[in-house]
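**Q** Take this structure, written in structure tokens, and hold onto it; I'll ask about it next.
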Amino acid sequence: MPLPLPPLLFFCAASLVWLLPGRAALSLYDDGWGWLATGLAFGAALFALLPVVALRRARTTITPHHPEQARVLVQSGIYRISRNPMYLSLLLALLALCAWRVSLPGLLPAFGFMYLVERLQIRREEAALAARFGRDYQAYCHTTRRWL
């Protein structure tokens, strides 16, 4: 997997969210949208940072380009909640942008991002991890959701 596909898809989706109709929350906390955007952005930051901590603690790779190089199957910490917390963080960031822009049409590229990442990236990673960890990975998939 030579191309960093999820960041590219994220950039395209974020650009579309920005270009689609909406209004920027000029006074961020006058209405609930600013608070929602802040909460989603905070969640995005947590779901971006906690997987790095868990993977480094387990001394395994954090790069999605070579999932077959994973030394251990991390199932603790944030990985008890989601099998793909880093991609979930990107989705939450897009949803935060939608909330800040108060853009209902912006949800289309956000969920388009989710669909494409699942089809083009996550399924490849899952196949590599299943080949690497076998039954342990299958059991993990049965107990932990792909997104949330």
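**Q** Can you tell me which of 79-85, 94-100 comes out highest on packing, and rank the rest after it, using the mean Cβ neighbours within 10 Å?
**A** Going from most to least packed, we get 94-100, 79-85.
**Q** Here is a follow-up. Mind sorting out which of [x] 16.5, 52; [y] 20.8, 70; [z] 20.1, 66 is the real Rg and Dmax of the Cα atoms in Å computed from the coordinates?
**A** [x]
**Q** With everything on Cα atoms, drop me the angle between helix 5-19 and the longest principal axis of the chain, reported from 0 to 90° to the nearest 10.
**A** 10
**Q** So, one more: Please name which of THR38, GLN75, LEU107 has its Cα lying farthest along the dipole of region 31-143 towards the positive end, using unit charges on Cβ (Lys, Arg +1; Asp, Glu -1) and the Cα centre as origin.
**A** Going by the charge dipole, the pick is GLN75.
**Q** A further question on this structure: Just how large is the dipole of the chain about the Cα centre, in debye to the nearest 20, putting +1 at every Lys and Arg Cβ and -1 at every Asp and Glu Cβ?
**A** My answer is approximately 500 debye.
**Q** Hey, another quick one. Divide by every residue of the chain the summed helix terms, -39500 (n - 2.57) for each DSSP H run of at least 4, and state the resulting mean residue ellipticity at 222 nm, rounded to the nearest 500 deg cm²/dmol.
**A** Result for the chain, helices only: -20500 deg cm²/dmol.
**Q** Over region 50-100, what is the relative contact order in whole percent, taking alpha-carbon pairs under 8 Å and six or more residues apart?
**A** Rounded, it is 32 percent for region 50-100.
**Q** What residue among PHE133, PRO51, HIS65 has its Cα farthest toward the positive end of the dipole of the chain, where the charges are +1 on Lys, Arg and -1 on Asp, Glu, each on the Cβ?
**A** Sorting the options by dipole projection puts first PHE133.
**Q** Return one number: the angle in degrees, 0 to 90 and rounded to the nearest 10, between the long axis of the Cα atoms of helix 32-57 and the longest principal axis of the Cα atoms of the chain.
**A** For helix 32-57, the angle is close to 20 degrees.
**Q** In nm, give the distance between the simple-model label positions of VAL53 and HIS65, each being 7 Å from the Cα along the Cα-to-Cβ direction.
**A** Placing both labels 7 Å beyond Cα along the Cβ direction yields 2.7 nm.
**Q** Another question about this same structure. Which whole-number percentage describes the relative contact order of the chain, with Cα contacts under 8 Å and a sequence gap of 6 or more?
**A** On the way: 181 pairs, mean separation 55.1, N = 148.
Relative contact order comes out at 37 percent.
Coordinate-derived values only; no laboratory data. Here the structure is a predicted model, which is why all the values come from computation and not from measurement. Note that each Cβ is placed from the backbone with ideal geometry, even for glycine, and that neighbours are counted across all protein chains shown.
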